Structure formats: C-alpha cells, structure tokens
Amino acid sequence: MPTTAIVSGLVLGGTYALIAMGLTLQYGISRIMNLAYGETIIFFAFAAFLLYSAFGINPIAGLVLLLPLAFAFGYLVYGVMMQPLVRRSARSGNLEVDSILATFGLLFVIQGVMLVFFGSNYTSYNYLNVGVNVLGATIAANRLLAFGLAVLIGGVLYLALTRTRWGTTIRAVAVAPQSAPLVGIDVNRTARFAFALGTMLAASGGVMISMYQTFTVSMGVIFTMKALVVVIMGGLGNLLGALVAGLLLGLVETFVATYIDPGLTLAATYLIFLSVLLWRPAGLFGKATR
Amino acid sequence: MVRALLAVIFFAGALAALAWLPTQFGAYGVGLLLGMTGYVTLASAWALFSGPTRYVSLATVAFFGIGAYTVAVLSETLPYPLILLVAAAVGLCVALVVGLATLRLAGVYFVIFTFGLAELIRQLVTWYEVNITGTLGRYIFLPISGEQIYWQLLALAAVTIGLGWWIGRSRIGLALKVIGDDEVVAAHVGINIARVKLALFAVSATIITLVGAIQAPRWTYVEPSIVFNPTISFLTLIMALLGGANRLWGPLLGAVPLFLLFEWLSANFPNHYSIILGLLFIAIVFVMPQGVLAMVERGWSRVGQRGRKAEPAGTEAAQ
C-alpha cells in the first residue's frame, strides 16, 4: 500500500526531523560536533520507559518532567566539558576535532552507565498501541501522537527562532560568530543555551521513539548517524532544511523497508548520505561556499 | 652512516628478542603478547593517516572486521597466504570508495562517515548472511598457532612502523605535514591534497584490514557482532592519542601500557569497563591532546629554558 508507506514514512520522518533539529542547533550554533547525541536520545528513551513502567507516569507527562532535566543536563555538559575546549580552541583553532574526541569519550560513558542500569536487552512498553485510520492507512495511535508532538515542538522552536529577539540572537551567532559580539551578543552564553536546547530536542526525540519502537543501549550510534545524515542533507545549521530532509529520510526508509527489505534501511540511509556528499556537499538547500 | 647501521642492527636485535619471547611464556602470555602487538599495529596504522592530517578516523573496526570476516568466509576454499591477499584487496577497495567520497570535503564529513561505517558494514554483512547464506556465525578452522599469529603481527607492526619512518622522511611525508598545518597553503604550493590523503588513508586501512585477517584464526567462531565491535575503534584511537599520533613511536608507547590496563580492567571491572574507558579518554583529550611524547618534550624544553635563565649572565657572554 503506497498510502500506508507514505503516511507511516512521514510519521517516522517527523521524529527524525526533530532530532536532526537538535543536532543542527548544537553543531550550527555551539560548533560542537556531538557524537554522543544518539546516546542522549536513548538515555531519555530509557528514562521515559522507567517513568512509565515503574511509576505509571505516561510519556506525555514524562516529557514535561524530562525536558527541563535534559536542558539542565545539556547546560552542565557544555559548561563542564565543552567550555574548556572552546577556550583552548581560541589559540589552537581545532574545536571541531577536540569536540569530536571529547564527545566520543562521552558516548562510551553514557552507554556504560546505561548498561549498568538497564542491561543490554531490547526494551519497549505498551502505550496507546491501537490502530487509527488515517487516509485509508492504519497507523498506531502512539506513532501519530509522536508525530503530533514533533510538529508541535518543531513548530514552536521554528517560530521562536524566527520571530523573537532571542531567536534572532541565536541565528546571529550561527551566521557570524565573530561579528556577534560587536552588537552586544554574549556568544559563549548563546552557545551554551543552544547546546542545552539541542539536548532538550534529543530528549523529546528519545521519549517519542520509546513510545513506538523497541530500543537497546547500543542503538545510539544509529540515531546519531541518521540525525547527522539529515543535518548534512538539509545543510549544516539550517532548521527548515533539517525538517524537509528528516521527512524525506523517513519516507525513504519506510519505502525501503516495505518494498525491498527491512534489513537494508541503514544501507539506504548511507546511500543517500553518499549521494548528497558527492552531488551537493553543502546540503540540498545550502549554497555552495566554494 | 654508522649511526644508521647501528640503528638497523639495534632494531633487528629488538625484533629478534620480541620474536623469541613467546617461547618463554605459556598460552596466556602468548595471548597477551599477541593482543598487544595487534593493538600496537592498529594504533600505528591509524596514526599513519590520522596523525599528520588530523582527520580522525573512527572506522578502524570496519576494516578490522572486513579482514576477519574475509578470512572466515574463505578459510576453507583458499590457501592461507592467498586469503590474506584477498582480505587486503577488499580492505583497499572499501578504503578507496570511502576516501574518494569524503576526503575531498571538509574533515568533519570524513569523521561522520567513518563513524557510521562500521555499523553499516555490520548490518550489511548480517543481512547478507541471514538472507543469502542462511547462517549468521561462521567457524574458522585453520591450523595456525598463537605463536604463528604473533610472529605475523610482529612482522606487520615492524613494517608499519618502518613505513611510518619512511613516510616521515619522504616527499609525501613533507606534503602531509603541510596539509596538516594548513590546507590552503598546501594547495598553493602545488600539493594534490586529495590524492595524498587518499593514498595514505588506503595504506593505513589496508594494514588495519590485515591485522583483522591475521587475528581471525584466534576466534574459531566469528559473528558480525564480535568482529565489528566498536570498542576496537575506540581503543585504537585512545592508544594513538595517549602516545601522540604525530610521533613515530607515539602509538607504540600508548598501546603497550593501555592494553595492559584494559586487560586488567576488563578482568576486574567487566560491568564498568566502558565508563572507565570513556572517562580516561576524555581525560586524555583534556590533559594532553598532543600525547605523552609531546608533553614530555615540552617539559624538557621548559626545564632547559629555566636552566639557561638561571645560569649567570657571564657564561652567556663567554659563549
């Protein structure tokens, strides 16, 4: 059924777009290439699972509880780990390499902590697992809810970034980090804020994923990769690009899983990644800088 | 000339001593030596490319796994030396594809691509095994003892470090140093950046593939999740960084103590292994991003400067 594939692809793509937005905030504004991003997603997926199965708190209420926590976590990680690197890079100029290495270490720390607490089994829980008819296609209600949340959070974020003074500050840092201090913007504070905001988006992505999918401790790499592919497809730091590319990736994955083989979805992701790199390295919507 | 000759004699002697070592240890000692030599080779091969260019490759285990899996697939159909050749060729081809696609672009694309490469290859192999051949695991029955594996790895390590030494003195090494310092300058003095990077990445990846292929008979049973274990990439990286990826002997210096530490950790703290690893790695990135050797050198030069300043002015005038 093509309609089923299209609808469920768009629904899946909503989550991808959301997590890619978080990563594009972290990389585009804080200039931190965060390889532990997927681990953060999985961590909050487990947190939502824990809240639901141990305390009976449903994922929506869990989301309200977890988002401030995620913001604080991101704020702390940036302050403790990234700030020294940023300061050091003012001299050496290799923040990119340093942040990649540091977050690669962080990846193993978060994964190790999760292994100790949750073990390496596949985990899932049952929440709103009933079929809903959408345009003739049957979709689980939890997926639909996740999509609605993704649209809501992504929409609020987009409006905040484009319509408010505060959002303009963030975009100014993304466009010209050297010139932003000239108009009185505290780049360091903005970067820290954007990093924490990105972590918050990762957490909301994690909660959504936990609602409709089984997950394991070692799955983080896959989500980091998917988010990165979407970010690069949409152009680094480009929120709208991330949105369109995320939906596109969701569609492609669902079509590959439906018509070719579910085991080849990651290969399809990579194929897209390769062709984007070869054809338009600046992203589908980016302008070539060379 | 005499110095070079002495150095050659010294290294030949050291190699001979290392090759003789396994006769003195039991099976456990040989296993330890073998693993250590494997990681020395991996870290040295990694540093061959990533050290001078500062392109962090996270795909070590992708190539390692390709090597091991090629041996597993072909172990019953081809003679052993031929299998190694085929494995090296497969590794080389994958390296060329990855390199051609990503090395022309900014470094971050390369890192991202290599980051997911191991996972991609693992899933592809799993898919192929499940859907085409119908089995997931494979057995390797090759009549190769631990000592023989160790000797092969030792030879490969010697070749890798020798290659590093040769590259450091050759034209391509000079070109690499320029690229590492400033790509724009490198392009302006007429260095074909992409070609130099690609060549070196291919060499480094081929060596890593061979390490995987040589170590494969140790396992007897091989499965994608065993040979594509991301910890291998991580360990290689941390070893090379600790020693100093820009120094010829740096990776070796980092690999030996860290390998022993990891052995001890995995025996005593199996559950908290990756947390300790991650924290250690972050500490290394923070405290000595250039590695131990660079830090020691800087320390020495600081001591030397202080000593010179402390000397009375008269001695300087006399000089």
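The values are calculated or read from the model by the stated rules, or taken from the named source; none is laboratory data. Computed from a prediction, not measured in an experiment: that's the story for all the values here. Note that each Cβ is placed from the backbone with ideal geometry, even for glycine, and that neighbours are counted across all protein chains shown. We work out accessible area using only protein heavy atoms, side chains counted, and drop any ligands, DNA or RNA first. Shrake-Rupley method; radii C 1.70, N 1.55, O 1.52, S 1.80 Å.
Quick notes on this structure:
- Test: B:Arg104 is in contact with an Asp or Glu (Cβ under 9 Å, 6 or more places away or on another chain) and touching a residue at least 12 places away in the same chain (Cβ under 8 Å): no
- The selection criterion, being within 11 Å of chain A (Cβ to nearest Cβ), in contact (Cβ under 8 Å) with a residue 12 or more places away in the chain, in contact with a Gly (Cβ under 9 Å, 6 or more places away or on another chain) and part of a helix (DSSP H, G or I), holds for B:Phe110.
- Conditions (1) assigned to a helix (DSSP H, G or I); (2) of a type outside the set (A, V, I, L, M); (3) within 14 Å of chain A (Cβ to nearest Cβ); number of the one not met by B:Pro289: (1)
- Inside segment A:48-69, residues that are in contact (Cβ under 8 Å) with a residue 24 or more places away in the chain, surrounded by 18 or more Cβ atoms within 10 Å (Cβ to Cβ) and closer than 22 Å to A:Thr216 by Cβ make up a count of 7.
- Only one of B:Trp166, B:Trp127, B:Trp151 that is surrounded by fewer than 21 Cβ atoms within 10 Å (Cβ to Cβ), within 14 Å of another protein chain (Cβ to nearest Cβ) and either out of contact with any Asp or Glu (no Cβ under 6 Å at 6 or more places or on another chain) or under 16 Å from B:Ala202 (Cα atoms) (or both): B:Trp127
- Residue within segment A:51-62 that is among the polar types (S, T, N, Q) and closer than 27 Å to A:Asn142 by Cα present: yes
- Applying the criterion of at least 2 residues that are facing chain A (nearest Cβ under 8 Å), buried (at least 22 other Cβ atoms within 10 Å of the Cβ) and not acidic (Asp, Glu) to the helices (runs of 4 or more DSSP H) found wholly in segment B:210-283 leaves B:231-243.
- Subset of segment B:128-147 (residues that are part of a loop (DSSP other than H, G, I, E, B) and aliphatic (A, V, I, L, M)): B:Leu136, B:Ile140, B:Leu142, B:Ile144
- A:Asn34 vs. criteria in a loop (DSSP other than H, G, I, E, B), away from chain B (no Cβ under 11 Å) and within 30 Å of B:Val285 (Cβ to Cβ): yes
- Contact annotation: residue pairs with Cβ atoms under 8 Å, 6 or more positions apart or on different chains, pairing a residue in segment A:153-182 that is closer than 24 Å to A:Ala202 by Cβ and in contact (Cβ under 8 Å) with a residue 40 or more places away in the chain with a partner that is surrounded by 12 or more Cβ atoms within 10 Å (Cβ to Cβ) and among the aromatic types (Phe, Trp, Tyr), are A:Ile170/A:Phe193.
- Segment A:108-151, subset free of Cβ contacts under 8 Å to residues at least 40 places away in the same chain, in a strand (DSSP E or B) and within 20 Å of A:Asn58 (Cα to Cα), residue nearest to the other protein chains (Cβ to nearest Cβ): A:Gly131
- Between B:Ala157, B:Ala199, the distinction of being open to solvent by less than 30 Å² (accessible area, probe 1.4 Å), assigned to a helix (DSSP H, G or I) and at pLDDT 85 or above belongs to B:Ala157 only.
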